[in-house]
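What follows is calculated from the coordinates using simple rules that are stated; it is not laboratory data. For clarity, every value in this text was computed on a predicted model and none was experimentally measured. Backbone-built Cβ (ideal geometry, glycine too); neighbour counts: all protein chains shown.
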Amino acid sequence: MKKKLLCFFLCVLLLPLGVMKSAGGDGVTRCLLIGCDRFVSMPDTEPASANNVETMGALLKDFLPGEVRIQRYVNGPGTVEGFERLVADTFRDANDADTALIYLSTHGLLREESGEERVEFLLSDGESEEYLEPEKLKQVLDKISGDKTLILDTCHSGAVIGCGGNSVNWFEDGSCRVLTSSGALEDSWFWSTTEDIYRGTGYFTAAMDCALRSSDFDQIDPDGDGKVSLGELTLRLRAIHGASTVYCWPENSDAPLFRMMDDRKPTNRFRAVCFDPLEPQDQKVVQTMHFRIEENMRLEFHVIPSYNGAWDFEHTVSRKDTEKDGLIRMMKVGEKQKKIRNPRTNFGKDGRILLQLVSTKVDGSAPIVEAGKVMSLEELDSLYQDGELIQEETDGQTEQEES
C-alpha cells in the first residue's frame, strides 16, 4: 500500500446543531459536499477527495434522520467568490427550522501571523485556485439560516477552534459546533494503492465511516438514546483513529448529530474494534486488540515510525498476521484477539509509533485501513513503573491509574 502525506488536506463538514430536529419533521437537512483533487500549486490528491465525498454522502443518507437533500460537487469551485455563491445557492431556502451541512475536501495551509497559527483552505478546480481564510469561512456560514455544525478533516484543522497550538477559536461564539481531525500542528493523511487507482480515501473520513457503521452500540452510543452526539463521536474516533488527534467544540458536546439504526450497512471488514492499554514485556511494548469479523480475510499490521513529531509513512514496516486455515493464511469468521509486540528501541527519539490494522480479501486484494492506535512510551510509563502496574489508593480502594 502506498502512503501519501496529505499535507494541508482538508475536509470541512458543516452539520446542523440540532440535526436530530428533522426526525420530528420540523425541518430539512441540506447537504453540500465539495471535493477538490486537482490543483495548480499543490500536488493532486486523486481519488481521495472524490472518494471522501462519496463516503460522506452515503453516511449522511443512511444516518441523518428526516428529509435530507444532498448535493455533490467535485473539483471546484476555484475561487472564494465561487464558494460563497455555491453556498448561497444551496441554502437559499433554508429557515430557522432547517439544518445545513457543508463538506469540503481539499488542501489546507498553516501560516503563522503575529505569533498565532492560522489554517487556510485551498479552493481549486485544477485551473484556478484561491485560499479561503477562516474569518471568511465564518462569515459565509453565518449567513445560513438554521442550525449548523462544522467538521474539518484536514492538516492543522484544530487551528480553527484553538486546539493543539497557539491559535484562535473562530467559533467560540457557539454559532457552529465543530469537529476537527487534527490539532493545529498536526498533519492529516490519506491512503491510496498502486494496484487500483480508484481506491483511496482520507484516514479520518474512513474512520467516521467505520465508527458509525461497524462499532457496537455501546461503543458509539454509550448512553443508549439511539443518537450519536458530537461528544460521543469524538470519543469513538479517538479510540480508532490514530493518525491524528480528533478535537471538537464545544468540548464534550451532547448535541445529537446522527441517528443509530439496527440495520446498518458496514463497508469494512472489522466490527467492534477496541485496543487494550499498553503492557510491558521484558524490553517490549505489547498492544492487545479485540475485534469481530464476519467474512474470511487477511490482516496486516502496519507500524509507522515518528520522526521529529511527524509520521514517517515512507518507512512503514508491514507484519502479516500468521493465522491460517490449513495451508492458507487467513482469519476465519469470529471473535478475535491479537497481540503485537514492539521492542522499546523501535520507538526512536520521539518515543511513539503508529499501529494500523489493514485488512484484505483472502487473495490479498482490496485493502482497507480498519483502525489505528498510537503506541507511546509515555503512555506505557504512566501505567507501569519497574514493570509493575501503578496503583493509587482512593477511599481505601485500589484503582488503576488512567492514562
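Here are the numbers:
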| quantity | calculated |
| --- | --- |
| Span per principal axis, largest first, for the Cα atoms of the chain (Å) | 62, 53, 49 |
| Between helix 230-240 and the chain: long-axis angle, C-alpha atoms, 0 to 90°, nearest 10 | 40 |
| Under 12 Å, Cβ to Cβ, from residue 72 - net charge with Lys/Arg +1 and Asp/Glu -1 | +1 |
| D_trans [Stokes-Einstein, Kirkwood Rh over alpha-carbon pairs] for the stretch 270-385, 20 °C, 1.002 mPa s, µm² s⁻¹ | 143 |
| Antiparallel bridges, percent of DSSP beta bridges restricted to the chain (to nearest 5) | 80 |
| Degrees separating the helix 48-63 axis from the principal Cα axis of the chain, which is the longest one | 90 |
| Relative packing of peptides 336-347, 370-381 - highest average C-beta neighbours within 10 Å first | 370-381, 336-347 |
| Shape category assigned to the stretch 257-338 from the gyration tensor of Cα positions, a/c cut at 1.5 | oblate |
| Pairs beyond 31 Å (Cα-Cα), from 227/320; 148/349; 61/361; 148/361; 143/373 | 227/320; 148/349; 148/361; 143/373 |
| Check: the chain dipole with +1 on Lys, Arg Cβ and -1 on Asp, Glu Cβ, in debye | 1620 |
| Mean Cβ neighbour count within 10 Å, used as a protection proxy, ranking 103-109, 250-256 highest first | 103-109, 250-256 |
| Computed over the chain: relative contact order in percent, which uses C-alpha pairs under 8 Å that are six or more apart | 15 |
| Largest to smallest principal axis extent of the C-alpha atoms in the stretch 124-185, angstrom | 35, 32, 16 |
| For residue 258, residues with placed amide H under 5 Å, excluding near neighbours | 228 |
| Rg/Rh ratio calculated on Cα atoms of the stretch 245-295 (Kirkwood radius) | 1.11 |
| Stretch gain in nm, segment residue 344-residue 274, where the contour uses 0.36 nm per residue and the Cα spacing is subtracted | 22.9 nm |
| The stretch 55-116 - convex hull of alpha carbons, volume per residue in Å³ | 156 |
| Calculated from backbone phi, Karplus (6.51, -1.76, 1.60) coupling profile of the stretch 149-164 in Hz, x at Gly/Pro | 9, 10, 10, 10, 10, 7, 4, 6, 5, x, 4, 6, 10, x, 10, x |
| Efficiency of FRET from Cβ geometry, residue 116 and residue 388, R₀ 56 Å, rounded to 0.05 | 0.80 |
